[in-house]
Amino acid sequence: MTIWTNTPSIDEANAMSANTIVEVLGITITDIGTNSITGTMPVDKRTHQPFGILHGGASVVLAETLGSLAANLACEKGFVCVGLDINANHIRSVRSGVVTGVAKAVHIGRSTQVWEIRIADEADKTVCVSRLTMAVIAAS
């Protein structure tokens, strides 16, 4: 059984990111499962910090992108979810390739949602673990 109240296609989910930082960083939604959202991001000049490794801020953008999409797909009709707090633990550096993030719900409530996002490298080694808290508010 799915946790989503609304499920766009992968193409529709990716189209929502046109002309945003998500598009600039090359983030792509690759799967909308029954209880998780998965996406990828290249590790290249767009996402590097000056030492040639994945910028922690880019990891946070990937985490918030996946968690925010997930929260809004799990939100009741007439409401939207907006970011309230995010934290990230950067575990391992990555110089190139692609990282994959998976967002899973920790708590889906009436006024808040909490999502955990694990980002891994191509060898499935954890690169970053993030926790995103979303506020559930009435849609305007």
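The values are calculated or read from the model by the stated rules, or taken from the named source; none is laboratory data. Just so it is clear, the model here is predicted, and its values are computed rather than measured. We place every Cβ from the backbone using ideal geometry, glycine too, and count neighbours over all the protein chains shown. These accessible areas exclude ligands, DNA and RNA; they are computed on the full protein's heavy atoms, side chains included. Shrake-Rupley method; radii C 1.70, N 1.55, O 1.52, S 1.80 Å.
By DSSP, the beta bridges lying fully in segment 1-99 are antiparallel in about 100 percent of cases.
Using a 1.4 Å probe on the protein chains only, how many percent of the accessible area of the chain belongs to carbon and sulfur?
C and S fraction of accessible area: 53 percent.
In this structure the chain gives 53 Å² per residue of accessible area when probed at 1.4 Å with all protein chains present.
If R0 is 30 Å, the Cβ-Cβ spacing of ASP11 and ALA138 corresponds to a FRET efficiency of close to 0.55.
Modelled this way, with points 7 Å down the Cα-to-C-beta line, the labels at ALA123 and ASP85 are 3.4 nm from one another.
In plain terms, the chain from VAL98 to ASN35 could stretch by 20.4 nm, reckoned as 0.36 nm per residue minus the Cα-Cα distance.
Taking the longest Cα principal axis of the chain as reference, the axis of helix 56-73 is set at about 20 degrees.
Relative contact order for segment 29-130: what percent, with Cα pairs under 8 Å and sequence separation of 6 or more?
So the answer I get is 30 percent.
Compute the distance from the alpha-carbon center of segment 1-16 to that of segment 55-80, in whole Å. One Cα centre to the other: 12 Å.
Computed with a 1.4 Å probe on the full set of protein chains, the accessible area for LYS125 sits at about 110 Å². Taking the chain as a Gaussian network, where each spring joins two C-alpha atoms under 10 Å apart, which residue of HIS55, HIS107, HIS90 fluctuates the most? Most flexible of the set in this elastic network: HIS107.
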